[in-house]
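Engineer: Questions regarding the structure given below will be posed in turn.
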Amino acid sequence: MMPWLLLGLGSFSNLVQGKTPDPWIGVIGLLAFNSLYVSVVFRSFVPRKRKSPEIHWMIVAMGLITFGLAGLYGGSWLLFLPLFGLACGTVLRGRSLGWGALVLGCAAAGVAAYHDGWGAIAVAYGTAISMMVTAAILTLSETVTQLRATRQELARSAVEQERLRFSRDLHDLLGHTLSVIVVKAEAARRLAPDRLEDALTQVSDIESVGRQALREVREAVTGYREGSLATDLDRARSALAAAGVQTVVRQSGPPLEPQTEALLGWVVREAVTNVVRHSAAAHCEIVVAASGQRVRVTVTDDGVGTHPDLVASSTGTGLKGLRERLAAAGGFLESEQRAPGFRVTADLPADAGDGPGHVGGPAAFAGDSPLGGAGGSATAAGEPVSRRRGRDLFRRSRS
């Protein structure tokens, strides 16, 4: 919107060259118009300010100056009428826009006709069309912004609904399986004193049902074990508030893959834990920015600086462990001491998959039994190890 002020260069040139009568009126009017134009344009991009009475009074003052200068001087000063239309187009919406364009176009035509005759048609058309086109473009831009925000919210809502559905399915799956295991365990307990072979058969069935349930759970929970990033951010905000740390959370960009959200959730949890435990900070800022093929999380505090957890073990806790997790997914983690405070930055691909260090992946289920085999190993006599262990257990209990 700012470059259109160049339309006033003709009037400024007339002032410099002394071609304008009463130049002090022109100078004051030119400064006032430009100041109001800049103020109106910048305020119009903030919805709250655009609807305030203040900006409407500025439009009224701007209109008086515009028509006063155009009616007094004519010529190049008539170009301020389309400029005034641009400013009105940044503020007015809905029905007021149509009526405003009609009234403003007719008023501009009357003033221009006094100085320029039939040239008033071009001035009136330019004034009305500049107002309508500006409002249309800005309305479209605002609508696109709202649609993007709505799409992201719908995507997050869909993910939450899917997790809720999955939790219900998992409850049904485990509830049925555990019920079968309990029933068979009770049968084995009743049969053990007198009918050991039948009891061992029930124990074998329990083992089979358990293995089948483990396979089903492993298939079901792959990719679902982690909560959403939004949930982690809410928990981080709550934890920091409980510790007396003022928190600002900013999130932008499209929805992320579940595996990516899981990794970023680990970063947020670990970094916020360090802030609460070690930093003695008063303020903390968490920024999640996704753009293109990368996503970045930054956690910054104004505390004492170095966190002892920097040298923590890499066995699943500490920033060192997080570095290994992100590296396995094609990302990296950086930490730096500031004056004052500390900053942790994590960057990884937006579609990061399960890496070797990703908790909740298939690796978490490695080995269905302590012996490692899916069906258990066997002795030389052909008796399954599980049955032999069960027989020994029951014999010891009877003795």
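Engineer: Determine which member of the set T150, T139 is under 36 Å from the mean Cα position of the chain (by Cα) and under 30 Å from G63 (Cβ atoms).
Structural biologist: Selected residue: T139, the only one of T150, T139 that is under 36 Å from the mean Cα position of the chain (by Cα) and under 30 Å from G63 (Cβ atoms).
Engineer: Are any residues in region 285-312 among the hydrophobic types (A, V, I, L, M, F, W, C) and modelled with pLDDT of 85 or more, and if so, which ones?
Structural biologist: As a first pass, look at region 285-312 and keep what is among the hydrophobic types (A, V, I, L, M, F, W, C): 286-290, 295, 297, 299, 304, 310-312.
Hits for region 285-312 are I286, V287, V288, A289, A290, V295, V297, V299.
Engineer: From E162, E153, grab the single residue that is assigned to a helix (DSSP H, G or I) and open to solvent by less than 70 Å² (accessible area, probe 1.4 Å). Talk me through it step by step, then tell me what you get.
Structural biologist: Details: E153 fails: open to solvent by less than 70 Å² (accessible area, probe 1.4 Å).
Of E162, E153, the one residue that is assigned to a helix (DSSP H, G or I) and open to solvent by less than 70 Å² (accessible area, probe 1.4 Å) is E162.
Engineer: Among the residues of region 74-101, write down those that are closer than 21 Å to S11 by Cβ and at pLDDT below 80.
Structural biologist: G74, G75, S76, W77
Engineer: Going by the conditions given, is I59 in contact with a Cys (Cβ under 8 Å, 6 or more places away or on another chain) and closer than 25 Å to S141 by Cβ? Steps first, answer last, please.
Structural biologist: Working: in contact with a Cys (Cβ under 8 Å, 6 or more places away or on another chain): yes; closer than 25 Å to S141 by Cβ: yes.
In short, yes.
Engineer: Being in contact with an Asp or Glu (Cβ under 9 Å, 6 or more places away or on another chain) and either hydrophobic (A, V, I, L, M, F, W, C) or more than 20 Å from E153 (Cα to Cα) (or both) is the filter here, so list the residues in region 241-252 that pass it.
Structural biologist: Within region 241-252, the first condition is being in contact with an Asp or Glu (Cβ under 9 Å, 6 or more places away or on another chain), and the residues that meet it are 245, 247-250.
Passing the criteria: V245, T247, V248, V249.
Engineer: Check region 170-180 and report whether any residue there is open to solvent by 60 Å² or more (accessible area, probe 1.4 Å), farther than 27 Å from P254 by Cα, in a helix (DSSP H, G or I) and among the hydroxyl-bearing types (S, T, Y). Show your work before the answer.
Structural biologist: Taking region 170-180 and keeping what is open to solvent by 60 Å² or more (accessible area, probe 1.4 Å), we get 171-172, 174, 176, 178-179.
After this cut, where a residue has to be farther than 27 Å from P254 by Cα as well, the list is 171-172, 174, 176, 178-179.
Remaining after also requiring in a helix (DSSP H, G or I): 171-172, 174, 176, 178-179.
Now drop any that are not among the hydroxyl-bearing types (S, T, Y), which leaves 179.
Scanning region 170-180 turns up at least one residue that is open to solvent by 60 Å² or more (accessible area, probe 1.4 Å), farther than 27 Å from P254 by Cα, in a helix (DSSP H, G or I) and among the hydroxyl-bearing types (S, T, Y).
The values are calculated or read from the model by the stated rules, or taken from the named source; none is laboratory data. These numbers were taken from a predicted model, which means no experiment stands behind them. No Cβ is skipped: glycine too gets one built from the backbone with ideal geometry, and neighbour counts run over all protein chains shown. Ligands, DNA and RNA are stripped out before the accessible areas are found, and what is left, the full protein with its side chains, is counted by its heavy atoms. Shrake-Rupley method; radii C 1.70, N 1.55, O 1.52, S 1.80 Å.
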